[in-house]
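One structure is given below, encoded as C-alpha cells.
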Amino acid sequence: MSTNSADQLKSLTAQVSALTRMTAVNPKWLLVDVYIDIASSKTGSSRKEFNRMLNDCKSRDIEIILSKSISRFGRDTVEVLEALNQLKVLGVPVIFDQEALNTADIDDELMISIIESIAQAENESRGDNIKWGIKQRAAQGTSKLYNRKCYGYFNDADGNLAIDEKKAKNVRVIFNLYLQGKSVLGIVKELERLGIKSPTGKATWPKRTIDVMLSNEKYMGNVRLLDNGKHDAYYLAEGNNPAIISKETFQAVQIEKQQRSNVIKVKDGSKRKGKKYSSKK
C-alpha cells in the first residue's frame, strides 16, 4: 500500500477497525497485535510485519489470525500457500473475513482451489483495469502511444514526434516505388541495391516492415489507437505529428494496395479473389 494515497490509508484504517471489532465481540478472543505492511516506492514491499507475524506464531504468541481478505494476506498465490502451510503445521488457523473462510474448516485441496480461483479473478480484474486505463488515456489524448516513434521520426526534448530527415527520405522512396508499380519484394531489392539499411541496421529489409510502413497513417500525420478489431472504439488524432507523406500520396497507396490484394466484394457482402494483379518486380 502506498503511503502517498490518502484514500488507501483511509481504507487501511477501516480494515483495522473492522477486524478489531470482530475480536471485541468474541469473549474467547484477545487481540494480541496488529501487523501492517505498507509498501512505498522507496521501501518496496519487504513484508517485515508479515514475517514478524509468522515468527510470533512460531513462538506460540498467536493462536488465530484474522485477515481482511486473501489478497491482503499475501502478495501472490505462492506466498499465501507457503504461509498457510507453515501455519497449518503450527496449528494456527487463518480467518479471511471477506471470503468468510476459516482454514481450520477446509482441507488443503479445497483451500488451494479457492486461492487459485480468487487469484485468477483478481488478475482478470487487474487486466481489465489496465485496459480501461489505456482507453481513458487514448480518449483524453494523454496516451504516450500517440508519440511512439517509428522509422523516420524521433522524439524531441518535449517527447513529441519530429522528422528525422535522413530516414524520412527513405520513407518517401518506399512510397514512391510502390506507386511506380514495384512489389514489396521489388522494393526490398531496390533498397538493397541503393544500400539503404533497414530500421535495425541490416542490409535487407523484412517484407513485413515495408508492408506495415505503407499502411502507417502516422506518415501523413495521423495516429489511430485501439483499432485492431478487439475494442469497441478507436481514437484518431489527426495532425498529431508532422507528415512525411502527403495525404494524397498515402491514400493513393492504400487504393493501390487494395487493388493488388486480389480480393473484391460481391453483392452479398462476401469477399472473393478477383483477377490476378501483376506488379513490377
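The values are calculated or read from the model by the stated rules, or taken from the named source; none is laboratory data. Because the structure is predicted, anything quoted here is derived from the model rather than measured. All Cβ positions, even for glycine, are placed from backbone atoms using ideal geometry, and neighbour counts span all protein chains on display. SASA here: full protein model, heavy atoms, side chains in, ligands and nucleic acids out. Shrake-Rupley method; radii C 1.70, N 1.55, O 1.52, S 1.80 Å.
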Legend entry - Sulfur and carbon atoms: percent of accessible area, region 157-204 [1.4 Å]: 50 percent
Inset, instruction - Send over a whole-number figure in Å² for the accessible area per residue of region 44-99, probe 1.4 Å. - result: 54 Å²
Inset, instruction - Could you work out the per residue convex hull volume over the alpha carbons of region 169-218, in cubic angstrom? - result: 75 Å³
Inset, instruction - Give a residue-ordered list of calculated ³J(HN,Hα) values for region 170-182 (Karplus: 6.51 cos²θ - 1.76 cosθ + 1.60, θ = phi - 60°; whole Hz; x for Gly, Pro). - result: 5, 4, 5, 4, 4, 5, 5, 4, 5, 5, 7, x, 5
Legend entry - Amide hydrogen neighbours beyond the local backbone of K182, cut-off 5 Å, H modeled: K280
Legend entry - Highest-first arrangement of 26-33, 108-115, where packing means the average Cβ count within 10 Å: 108-115, 26-33
Legend entry - Cβ-placed point charges (K, R +1; D, E -1), dipole of region 27-116 about Cα centre in debye, nearest 20: 480 debye
Legend entry - HN-Hα J in Hz across region 91-104 - Karplus 6.51, -1.76, 1.60, θ = phi - 60°, x for Gly and Pro: x, 10, x, 10, 9, 9, 4, 5, 8, 6, 10, 10, 4, 6
